[in-house]
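Structure first, then comments.
Derivation of every value follows stated rules applied to the coordinates shown; laboratory data play no part. This one's a predicted model, so the numbers in the text were calculated from it and none came from an experiment. Counting neighbours? That spans all protein chains shown, and the Cβs are built from the backbone with ideal geometry, glycine included.
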Amino acid sequence: MNLKKLSGIIPIVSVGVMIVWGTLAKDYRHSWLAVFVGGILVAVINVLGRKDKNDNDDKDE
């Protein structure tokens, strides 16, 4: 799967998890953690994607 697509899907899923978690628990006090984790995952994927791009650029030379 393309990392660019994955970095677009993760925020949507994390917000969905937050809504479901908060609704089932009837309290949104801790459900924001799902969005926090989603943001961290997107940042990691973007860093890894940037590293892969740089590695591929170096191989072309």
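How high is the relative contact order of the range 1-50? Use alpha-carbon pairs under 8 Å, at least six apart in sequence, and give a whole percent.
Values: 34 pairs, mean separation 21.9, N = 50.
Relative contact order for the range 1-50 comes out at 44 percent.
Let's test the formula: R0 of 30 Å, r as the Cβ-Cβ distance of V17 and R50. What FRET efficiency results, to the nearest 0.05? Mind showing how you got there, number by number?
Working: r = 26 Å, r/R0 = 0.87.
Here the calculated transfer efficiency is 0.70.
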Per 0.36 nm of contour for each residue apart, how much would the distance between K26 and L41 grow if the chain were fully extended, relative to their Cα-Cα spacing?
2.8 nm
